[in-house]
1. Out of contact with any Asp or Glu (no Cβ under 9 Å at 6 or more places or on another chain) and under 19 Å from R238 (Cα atoms) - does that describe any residue in the stretch 377-395?
2. Given the condition over 23 Å from the mean Cα position of the chain (by Cα) and either part of a strand (DSSP E or B) or on the phi > 0 side of the Ramachandran plot (or both), answer yes or no: does some residue in the stretch 163-183 qualify?
3. Output yes when any residue across the stretch 71-85 is under 30 Å from R278 (Cβ atoms), aliphatic (A, V, I, L, M) and touching an Asp or Glu at 6+ places or on another chain (Cβ under 8 Å), and no when none is.
4. Assess whether D273 counts as being open to solvent by 50 Å² or more (accessible area, probe 1.4 Å) and assigned to a loop (DSSP other than H, G, I, E, B).
5. Can Y44 be described as of a type in the set (F, W, Y), more than 21 Å from H91 (Cα to Cα), open to solvent by less than 30 Å² (accessible area, probe 1.4 Å) and touching a strand residue (DSSP E or B) at 6+ places or on another chain (Cβ under 6 Å)?
6. Suppose we filter the stretch 13-30 for residues that are open to solvent by 10 Å² or more (accessible area, probe 1.4 Å) and small (G, A, S); how many remain?
7. Can you find, within the stretch 333-363, the residue that is farthest from Q401 (Cα to Cα) among those that are small (G, A, S) and assigned to a loop (DSSP other than H, G, I, E, B)?
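The values are calculated or read from the model by the stated rules, or taken from the named source; none is laboratory data. None of these values were measured; they are calculated from a predicted model. In this analysis, Cβ positions are derived from the backbone assuming ideal geometry, glycine residues included, and neighbour counts consider all displayed protein chains. Side chains included, ligands, DNA and RNA excluded: accessible areas come from the protein's heavy atoms. Shrake-Rupley method; radii C 1.70, N 1.55, O 1.52, S 1.80 Å.
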Amino acid sequence: MGWNSWDCYGASVNEEEVRGNAEYMACYLKDFGWEYVIVDIQWYEPGANSSQYRNFVPLVMDEYSRLQPAENRFPSSIGGKGFAPLAEYVHGLGLKFGIHIMRGIPRQAVHSASRILGSERTARDIAHPNSICPWNTDMYGVDAAQSGSQAYYDSLFELYASWGVDYIKVDDIAASRLYGYHKNEIELIRKAIDRCGREIVLSLSPGPAPLEEAEHLAGHANLWRMTDDYWDHWHLLRGMFERCEQWAAYVQPGHWPDCDMLPLGHLGIRSVDGGGDRFTRFTPDEQVTMMTLWSIFRSPLMFGGELRDNDEWTLSLLTNEEVLHLHRYGKGGISVLRNDELAIWTAEDEQGNHYVAIFNLSDENLNVNLSFQQLNLPAQATIRDLWRGCAFEAEEDAVSQDLPPHGCLLLKFTKEKPL
């Protein structure tokens, strides 16, 4: 659970913005389990100004082919300090710090045959120049068959560990549009993390990650994207129901299929990919539907908007303790029905409470009337409506409710003890 800078700042976030969002999280969200503050792509690009990349521009890099924070954007990094001062500040708030990287080695390091720490090889020796990212020109892939490749990745993660990084999002690796799944580089990265002496969460992007690699993903990463970049459009949210169904069997502690960031609140301040500066296009009902699906499926929750601009409604979505309890302690989340109009998910928690989420996928109001037997729920139970925070009155052992277009109902059933 955390905040990522991409949805509001693209490649251009700066230190003041990161610190400000961390301060908001510490003040308003930390007590509810939110903890990660993630600096997304191109923190090493001095002239980055949106989510549109500037191709083939000089990047900030050290003598060992390792990218460094741009000092004009992250002034605490001046003097070769890297992200250590910013990570220390975030840690001082009781939070954790993360960064985004691209797989591979900087092209400029390859062109200049820069050194690799701990190896006699150079960047040119280990690069795979035909393995490129189709949407970003910063890197060449690394040829895992070359000696020096592991040393390069080891040196990267030794650096990140020295900075105090707790979370790494690696991009262009789980599903490359040109080359598919980069299994060899994932294995290099996993080994480098295991050797670096610090616990670091590994997130793989973008998606859709290949379902046939589910076991390899779970064996090497902590979360991986099931989808390409996700934005605030109903058709993308509706499509997530099928993705969650396909990946539900692979949700397990420490290894999480990832529905991508939550495009909520104030978005697109300098990230133009999703539609420019705006507040989320999702209706309030769609926002509740998204939070419900992410929670019962147990996707990572990464907020994408500018936290400091949250209104009371947006904050309420992030601080509903009963919904977050399901997200943290739920198990066995599964789709039991989906058609053109209706989707139903069920789950349990460690105390044996039952949860049911009923979603209206249609564009019209929908009346649902479902018996407890149909939903495999206990007949004698106390029922809570988790989003309204009140008791739910069942009628004749059935759930009967009018749902607005794209809206949902999330109920918790606590079995009543016999007298």
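1. There is no residue in the stretch 377-395 that is out of contact with any Asp or Glu (no Cβ under 9 Å at 6 or more places or on another chain) and under 19 Å from R238 (Cα atoms).
2. No, the conditions are met nowhere in the stretch 163-183.
3. No - not one qualifying residue is present in the stretch 71-85.
4. yes
5. The answer is yes for Y44.
6. 1
7. G352
Let's see how each residue does on (1) open to solvent by 10 Å² or more (accessible area, probe 1.4 Å); (2) within 17 Å of F32 (Cα to Cα); (3) of a type in the set (K, R); (4) out of contact with any strand residue (DSSP E or B) (no Cβ under 9 Å at 6 or more places or on another chain):
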| site | (1), (2), (3), (4) |
| --- | --- |
| D277 | yes, no, no, no |
| M290 | no, no, no, no |
| W294 | no, yes, no, no |
| R298 | yes, yes, yes, no |
| F303 | no, yes, no, no |
| N310 | yes, yes, no, no |
| S316 | yes, yes, no, yes |
